[in-house]
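Before any comments, here is the structure.
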Amino acid sequence: MRTNADRPQPMIASWDVPASGPIAERLLPVSNSEEGIDNHGSVLQLVALADLKYRVALDEKVHRSSWQQTTLVVTAEVMGAGVLALPYAFSKLGWLLGVLSCTLFAATAIYAGVLLARVRNFMYPAAVSYADLAMQIVGPRFSAFTKACCLSTWGLLLPYYLITANNALAGALGPALHICGWQRALLVVALLTVPLQMRDLHLISYAATLSTLSTFAVVGTASIALVIQAKGKPTIYSTPLLPDQSMTFLDLYGQFARIIFAYQGQSIFCEIMREMRDSRDFPRAVLIGNTLMMGVYLVFVVICNATDGTRVAPFIPDSLDGITKVAVNAFIVYITTVAYVITGQPLHRAIHKALSPSTVDARGVAAALPWLAITTSTLLLAYLVANAVPFFSDFQGLLGALTGAPIVFGWPAFFFLRACKLKRVVVPAVDRIVCYIFLLLFLPVFTLFGCVNALMDIANDWASNGPPFSC
């Protein structure tokens, strides 16, 4: 029997670095060539993926999270307002494609997390972000491009949260407030201004935990309410087994994009791994977290479609009645407010660091004033975008295609294949095939067709509802 001692051990190459010290000191240059020559001129041996050694040194001050805690963090980061558009997407896809796509994209999200864990834990343990991995694996230009894409993703999420909060505020207030949508959005802006001045995420950690519980409360309450409302209603609006014949090829990809968005979150997985006591357990956390999300999504969409069928609204709270509608919308206002603050934090910090690096970590008025100016500016920009495209489901479809597909299907697969080539790691045939499917099929198809469909939906809704900022 072959023992671990008998296995060929990988050579200690350029990824064998300590996990202490500033990131700037820990990031190492890429190998001199793609032919297996390290920075000392030595030829690197081929290494089996299973033989790679875990290179992350334990730092008690940084590595504090258990895999159970990480599972909750992953779930909290990924599952949120995206669930609100899933019942509508499901009703358009039909039972068969709806269940298959919800399951398939959960599996792809899990696999993307596994790929990132392999690259970060066993090849580039110093990396704590997509940009760090891009620097190590390709170089500074690709790192700058990757960082810009991540910042743009966070920036596009801000108007999405404003749209969601604005719709929820309309549902919570009902006929009590007769004002235009763009005027109501100003109330959301005012609501966000003060919380945005919290510069330390630790200060809103309790609010974030409550926000996660509120998401489960929204799903549970809406599900129960729809079951009660369905009693005595006709069943002529039942969701079909297959997509309706009126659905076009592009319509299908638009609904797929909405589901992809509900599993998007891989761009912060390196940061999450950095805080784990043993990041080798990250795949377990991703598996359990995404399986939990998939279960919640499936139960929710099945209940919504079994009760309301094709009548289900693009923004699910609009399918509710009475006090339940008010309560669910009030929860959503809170959830999206917290999500806006958390998502905006790294974006605002990056802008602050670029404009005033000397005050980015300072305290007092000298740091508070630039932060106020930055958060206010981005909030007003998000307000303009949210009112230019005030359509919740359409905007989610655009985000799923434009940002979700590259984050789930693009970067993880590319990082893994490129890192294995540089480190002379043998890629198993199954992994190679799946990565090529991600890069050559899923990435271009879901990005292109999803974006085209979302833009067409936005144009149609402009034609039906009037130009931006109209009542």
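No lab work stands behind these numbers, since they all come straight from the coordinates. Only a predicted model underlies this, so the values are computations on that prediction, with no experimental measurement involved. Positions of Cβ are backbone-derived with ideal geometry, glycine not excepted, and every protein chain shown enters the neighbour counts.
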For K53, the lysines lying under 29 Å Cα to Cα, once residues fewer than eight places off in the same chain are dropped, come out as K61, K147, K421, K423
Ordering 309-317, 95-103 by per-residue average of other C-beta atoms within 10 angstrom, highest first, gives 309-317, 95-103
Alpha-carbon centroid distance for the pair region 277-318 / region 80-109, whole angstrom: 8 Å
Note the full-extension length gain between L49 and R280 as 0.36 nm times their separation in residues minus their Cα-Cα distance, in nm to one decimal. 81.8 nm
Relative to the longest principal axis of the C-alpha atoms of the chain, give the angle of the C-alpha long axis of helix 282-307, reported between 0 and 90° and rounded to the nearest 10°. 20 degrees
In degrees, nearest ten, helix 365-388 long axis to first principal axis of the chain (Cα): 60 degrees
Under a plain spin-label model, where a point goes 7 Å from the Cα along Cα-to-Cβ, how far apart in nm are A207 and M247? 3.9 nm
Taking the Cα centre of the chain as the origin and placing charges on Cβ (Lys, Arg +1; Asp, Glu -1), which of V99, A313, I268 is farthest toward the positive end of the dipole? I268
If only Cα atoms are counted, what is the Rg of region 64-465, and what is its Dmax, in Å? 21.0, 66
Would you please classify the overall shape of region 291-425 from the alpha carbon gyration tensor, given that a ≥ b ≥ c denote the square roots of the eigenvalues, rounded means a/c under 1.5, and beyond that prolate means a/b larger than b/c while oblate covers the rest? oblate
Could you work out the per residue convex hull volume over the alpha carbons of region 63-159, in cubic angstrom? 141 Å³
Based solely on its DSSP helices, what 222 nm [θ] is calculated for the chain when runs of n ≥ 4 H residues each add -39,500 (n - 2.57) and the sum is averaged over all residues, nearest 500 deg cm²/dmol? -21000 deg cm²/dmol
Relative counts (whole %) of C-alpha pair distances in region 228-354, using bins that are 5 Å wide: 2, 7, 11, 16, 17, 15, 13, 9, 6, 3, 1, 0
Quarter of Cα convex hull surface for region 122-201, i.e. mean projection, nm²: 7.8 nm²
With loop defined by DSSP as not H, G, I, E or B, and exposure as at most 12 other Cβ atoms within 10 Å, which is the longest segment of the chain clear of exposed GluC sites (Glu not before Pro)? 61-471
Sort by residue number and report every cysteine in the chain with no other cysteine beta carbon within a distance under 4.7 Å. C102, C149, C150, C270, C304, C420, C435, C451
Longest to shortest principal axis, alpha-carbon extents of region 288-327, angstrom: 35, 23, 14
